[in-house]
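The values are calculated or read from the model by the stated rules, or taken from the named source; none is laboratory data. It should be emphasised that the depicted structure is a prediction, and the values quoted were computed from it without experimental measurement. A quick note on method: Cβ atoms are made from the backbone with ideal geometry, for glycine too, and the neighbour counts reach across all protein chains shown. Heads up: the accessible areas ignore ligands, DNA and RNA and are worked out on the full protein's heavy atoms, side chains in. Shrake-Rupley method; radii C 1.70, N 1.55, O 1.52, S 1.80 Å.
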Amino acid sequence: MAQIDEIAPDIFRISVLAPGLNMQFNHFLVRDDEPLLFHTGMRGMFPATSAALASLIDPASLRWIGWSHFEVDECGALNEWLALAPNATPLCGAVGAMVNVNDFASRPPRAVGEDDVLETGKHRFRWVPTPHLPHGWDAGMLFEENDRVLFCSDLFHQFGDVEPITRSDVVGRYADAMAAMQAHPVLLDYVPYTPQTRRRLERLARLEPRLLAAMHGSSYEGDGAAALRAAADVMEQVLGEPPLVG
Ligand SMILES: [Fe+2]
Ligand SMILES: [Fe+2]
């Protein structure tokens, strides 16, 4: 069973809670002349996510299906969606198309490069490549320019059955989640901290998003640039090399 919330005009968060993991998996539908879904979700969640989407639009009208990086929660159910939506085209970065999607998808993707813009009617989406942020060579993020919404994938991951939108301390929650992941015997090293990480976060901060649409946890409404810069500090502290001593 999915929970649906409109987090911005015609931008819907379709959330499925995985109780065993104590975390939400969020899929975003942008209802427009050319409807766009960001994150397909896992195949196992497809009955719930597709039923939720069908309560908002005719699934056959779906035009674009995008995501950040190749992983089952991001794009595992892509072919199920393509079968349901005959006019839909996968939307991914050029690296993702070349290394995964041209082979994986049942229909060819539209591959986008740095700062390519897609207009879907009222909305304008800019593709920002972010290799290895949050993770994956092919990673990128989609920025909706009119409402200033950054679809930021696993960035700002939060645990728990949290509210659809928060205006409070998302960075603190992110720090707690990253520390919990890093302490986990299997799930540690979830996200790399590299010499490029801060620069890539700064690039995103300069977009000045007012809403950060997180895949796991609440979306954050507020000063997205400040949150992104603070996230760089969190990542350095939790994931960076320990300081040299002696
Ligand atoms: Fe991921
Ligand atoms: Fe994820």
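Estimated from the Cβ-Cβ distance and a Förster radius of 22 angstrom, the FRET efficiency linking V117 and A226 is about 0.30. Normalised by the number of residues in the stretch 55-207, the average gap of Cα pairs under 8 Å and 6 or more apart makes the relative contact order 16 percent.
Pairs of Cα atoms nearer than 8 Å and 6+ residues apart set the relative contact order; for the stretch 22-83 it is 39 percent.
Of the accessible area of the stretch 155-203, computed with a 1.4 Å probe over protein heavy atoms only, carbon and sulfur atoms account for 57 percent. Pairs of C-alpha atoms in the stretch 81-192 farther apart than 17 Å represent 65 percent of all such pairs. Dipole magnitude for the chain: about 200 debye, using +1 per Lys or Arg Cβ and -1 per Asp or Glu Cβ, origin at the Cα centre. Computed extension length for S61-N146: 28.4 nm, one decimal, from 0.36 nm per residue of separation with the Cα-Cα distance subtracted.
Given the stretch 25-77, report the % of alpha carbon pairs whose separation exceeds 12 Å. Looking at the stretch 25-77, the distances longer than 12 Å represent 59 percent of pairs. The distance between label points at W137 and L207 comes to 2.3 nm (points 7 Å beyond Cα on the Cα→Cβ vector). Across the stretch 86-138, the volume of the C-alpha convex hull divided among the residues equals 84 Å³ per residue. Based on every Cα atom in the stretch 1-147, Rg and the maximum pairwise Cα distance Dmax equal 14.1, 39 Å. Label zone (L21, point 7 Å along Cα-to-C-beta; backbone nitrogen cut-off 17 Å) within the stretch 213-239: 214-219. The angle separating the long axis of helix 170-183 from the principal Cα axis of greatest extent in the chain is about 80 degrees. Over all pairs of different C-alpha atoms in the stretch 54-131, the reciprocal of the mean inverse distance, the Kirkwood hydrodynamic radius, equals 13.0 Å.
For the pair R124 and L84 in one chain, pulling the backbone fully straight at 0.36 nm per residue adds 11.9 nm over the alpha carbon distance.
Calculated on C-alpha atoms, the gyration radius of the stretch 158-246 divided by its Kirkwood radius gives an Rg/Rh of 0.99. Two numbers describe the Cα atoms of the chain: Rg and Dmax, which are 17.0, 64 Å.
The mean sequence distance of close C-alpha pairs (under 8 Å, at least 6 residues apart), as a share of the length of the stretch 148-246, puts its relative contact order at 41 percent. Restricting the stretch 138-207 to trypsin sites (Lys or Arg not before Pro) that sit in a DSSP loop and have at most 16 other Cβ atoms within 10 Å of their own Cβ leaves R148, R167, R206.
Among DSSP beta bridges lying fully in the chain, give the percent that are antiparallel, nearest 5. Roughly 65 percent of the beta bridges in the chain run antiparallel, per DSSP. Probing with 1.4 Å while keeping every protein chain in the model, the per residue accessible area of the stretch 1-143 equals 39 Å².
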